[in-house]
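The values are calculated or read from the model by the stated rules, or taken from the named source; none is laboratory data. Note that the coordinates shown come from a computational prediction; the quantities given were computed from them, not determined experimentally. Reconstructed Cβ throughout: ideal geometry from the backbone, glycine too, with neighbour counts over all protein chains shown. Protein only, heavy atoms only, side chains kept; ligands, DNA and RNA dropped before computing areas. Shrake-Rupley method; radii C 1.70, N 1.55, O 1.52, S 1.80 Å.
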Amino acid sequence: MAYSIARYLNVRSAMAGTFRPDGRRLAFLTDITGTHQVWAVDVPPNGQPTSWPEQLTFFKERVLNVTYSPVTDEMIFSTDVGGNERAQLFLLSGDGQHLRQLTDAPQAIHVFGGWSHDGRNIAYSSNVREPRVFDVYVIDVRSGETDMVYKGDGWFYVVDFSPNDRQLLIGKAYSSFDQDLWLLDLSSGATQLLTPHQGSARFEAVFAPDGRRLYLCSDLDRDFLTLAHVDLPLSMSESTAPPLVFRDSLGWDVSSLAIAPQAEFLAYHVNADGYTRLIVESLRDGAVLPLAGLPAGVCELSAFSVDGSRAAVTVNAPKHNSDVWIADLSSGETRQVTRSSRAGIPQAAFVEPELIRYPSFDGLRIAGFLYRPPTARPGDKLCVLFMVHGGPEGQTRPAFGPITQYFVNRGYAVFAPNVRGSTGYGKRFAHLDDVEKRMDSVADLAYGARYLVEQGITDPHRIAVSGGSYGGFMVLAALTQYPDLWAAGVDIVGIANFLTFLENTGPWRRDLRIAEYGDPEKDRALLEHISPINHVDRIKAPLLVIHGANDPRVPVGEAEQIVAALRSRDVPVAYLRYEDEGHGLSKLANRLDAYAKMADFLDQYMYAEGIEASGKRC
């Protein structure tokens, strides 16, 4: 049975569970109202709610995150305006009756970094002083008194308070693949670098329960993010950084560390071919706690209860729209707590992908997820829609995607490749598209399309390509570099001109993006060469462009450049601009409008009559 796009976009999601200090109530984010808001539900010890969840925030705009105090029945959340990512922080009472804005600088970004363990303060980073840099602040949630505790000279962020609340663990990002960590003494302001290194390395860390050790995952001098620990110095005056002690590599990236201090549990995720293996182990004896019943897909442990007896886990799998589960850490049992609506679509209508690998131009094998329509028969030649992830430091993973499932139900095959430059396959793989190698990843798309033709899955000229953000650049690059390969393209908030993009992107992002793409002065010729706007005369395929007017990452001028250039050449181009959106579409009404038009656009050009007119399926 065919279901409308409205049905798929009304499939709801819940995520980011956080426990009240007594562990008997869970707050989370859900988009029941069309945008993510804070809701809460009572969760007795057996993990099964006995009442309907209660809505606690009522903004027109999305809520970005929520975290309960470790001591009192109140929480911190943040929200922005029109998708501009300039988030402000709010304090909300557990019953939702009392709301207080803690930051009020609408021109600035505020990134929540955590509660102090005594519940008196929170830490965050912000670029309120200077748009290009982030400083570190601590605010007393009772008095509202705010102190800048570290003046930054780049992109600094807060990792966590030490267990005794006397120190902060802070980080600095030089690029998406290169960070450092420091200890910051809150009384003296002294800092100690914990991660001196050469080259690029990523570091993620959490304090051990006693505060004398950090547990980390890092790819320092190795290909994959690997578990490690470092014993902290007894004095901030020690000049030599302590050594990292690594475990054996698991052959996949390890990330998302979390600690349950009272129970002394360490949790982490293993990204195995895109699928999450959630590991919870005892710090006392190293025993791994078995967790049963979680669907295979992508999951994230968002919070431990204060006593460490339970964990909130967001589960998202191809046939399971995002919901919050609770894991009982004494028994290993897991229970689904939220049951987000599937908008009347039976779960059996959703499709699991097939993980395939194909060789690219240099023999490198590229992984991707292929979703086949349930009506497909052996030997059918399918219309294929490539969906290219953003980033470029991103990865397509086997999670529920309403747009993916809609197009599959409509009769398309959807192919989501992880071309070179994607994360999840090691540091070396992630750097294979850097600077002068940028177009090698575009070639991976072309070889993926040819592979599907060779395998008899599709015919030439029945392949479209879509993507958002950096994925939007990949769409435009594919249309310019391989113009005869694609029947149509859909560019969502994509980059058309790297020089204007780097000039106009948010100033806080510019240095990080230069580290990835190249310097407009040193690498100007290269950036001009890889910018699709400079090869627009080669585009033959019809193009749909979707962009938010408030986009702080890829400014809307990128869309308007490519649209104007194609219209001047009489190439079919449709343009959807949304005045109340930023980097992507967060509001349900806009998503309904855009994706319905995307479906009609693809039907028009993938085969002449269209599905609705002819009743044919791809």
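Relative contact order for the chain: 11 percent, from Cα pairs under 8 Å spaced at least 6 residues apart, divided by residue count. A dipole drawn for the chain from +1 and -1 charges on Cβ atoms has a positive end, and of Tyr150, Ala205, Asn65 the residue lying farthest that way is Asn65. Dividing the helix sum by the residues of the chain, where each DSSP H run of 4 or more adds -39500 (n - 2.57), gives a mean residue ellipticity at 222 nm of -5000 deg cm²/dmol.
Compute the accessible area per residue over the chain, keeping the other protein chains in place, probe 1.4 Å, unit Å².
Working: 23960 Å² over 618 residues.
The answer is 39 Å² per residue.
Rounded to the nearest 10 degrees, what's the angle between the helix 438-454 long axis and the longest principal axis of the chain, both from Cα atoms, 0 to 90? Between the helix axis and the principal axis of the chain, the angle is about 60 degrees.
Between helix 470-481 and the chain there is an angle of about 30 degrees, using the helix long axis and the longest principal axis of the Cα atoms.
Count the net charge of all other residues whose Cβ sits under 13 Å from the Cβ of Arg277, scoring Lys and Arg as +1 and Asp and Glu as -1.
On the way: positive: Arg397; negative: Asp253, Asp273, Glu281, Glu300.
Around Arg277, the charge tally is -3.
Take the alpha-carbon centre of segment 454-514, take the same for segment 309-383, and report the distance between them in whole Å. First find each Cα centre; the distance between them is then 25 Å. Across segment 520-582, Cα pairs under 8 Å and at least six residues apart give a relative contact order of 40 percent. What does the C-alpha gyration tensor say about the overall shape of segment 218-304? Classify as rounded when a/c is under 1.5, otherwise prolate if a/b is larger than b/c, or oblate. Oblate is the answer for segment 218-304, as a/c is 1.5 or above yet b/c matches or exceeds a/b. Counting only protein heavy atoms and using a 1.4 Å probe, the accessible area of Ser126 comes to about 0 Å². Prolate is the label for the chain. Its Cα gyration tensor axes, ordered a ≥ b ≥ c, give a/c of at least 1.5 and a/b above b/c.
Among the trypsin sites (Lys or Arg not before Pro) in segment 194-288, which ones are in a DSSP loop with at most 11 other Cβ atoms within 10 Å of the Cβ? Mind listing them?
Details: sites: Arg202, Arg212, Arg213, Arg222, Arg247, Arg277, Arg284; in loops: Arg202, Arg212, Arg222, Arg247, Arg284.
Of the trypsin sites (Lys or Arg not before Pro), the ones in loops of segment 194-288 whose Cβ has at most 11 other Cβ atoms within 10 Å are Arg247, Arg284.
Once the Cα atoms are used to define both axes, helix 588-606 deviates from the longest principal axis of the chain by about 30 degrees.
Within the set Lys172/Lys522; Lys381/Lys437; Lys427/Lys540; Lys437/Lys597; Lys60/Lys172; Lys319/Lys437, which residue pairs have Cα atoms separated by over 27 Å? Could you put the intermediate results ahead of the total?
Working: Lys172/Lys522 24 Å; Lys381/Lys437 33 Å; Lys427/Lys540 36 Å; Lys437/Lys597 34 Å; Lys60/Lys172 33 Å; Lys319/Lys437 36 Å.
Cα-Cα > 27 Å for Lys381/Lys437; Lys427/Lys540; Lys437/Lys597; Lys60/Lys172; Lys319/Lys437; rest within.
A Förster radius of 41 Å, combined with the Cβ-Cβ distance separating Leu588 from Ser235, puts the computed FRET efficiency at roughly 0.15. Accessible surface for Asp221 stands near 130 Å², nearest 10, in the context of the full protein assembly shown (1.4 Å probe). Note on segment 1-70 and segment 236-308: Cα centroid distance 25 Å, given to the nearest whole angstrom.
Only Lys, Arg, Asp and Glu count, each charged at its Cβ (+1, +1, -1, -1), so figure out the dipole size of segment 313-447 about its Cα centre, rounded to 20 debye.
Working: 16 positive and 13 negative charges, 68 e Å.
About 320 debye.
Scanning the chain for GluC sites (Glu not before Pro) that sit in a DSSP loop and have at most 10 other Cβ atoms within 10 Å, the longest stretch containing none of them is 146-520. Relative contact order for segment 273-412: 21 percent, from Cα pairs under 8 Å spaced at least 6 residues apart, divided by residue count. Of the whole protein surface, Asp440 contributes about 50 Å² of accessible area at a 1.4 Å probe radius.
Leaving out ligands, DNA and RNA, what percent of the accessible area of segment 343-419 is carbon and sulfur, probe 1.4 Å?
Numbers: 1340 of 2570 Å².
Carbon with sulfur: 52 percent of the solvent-accessible area.
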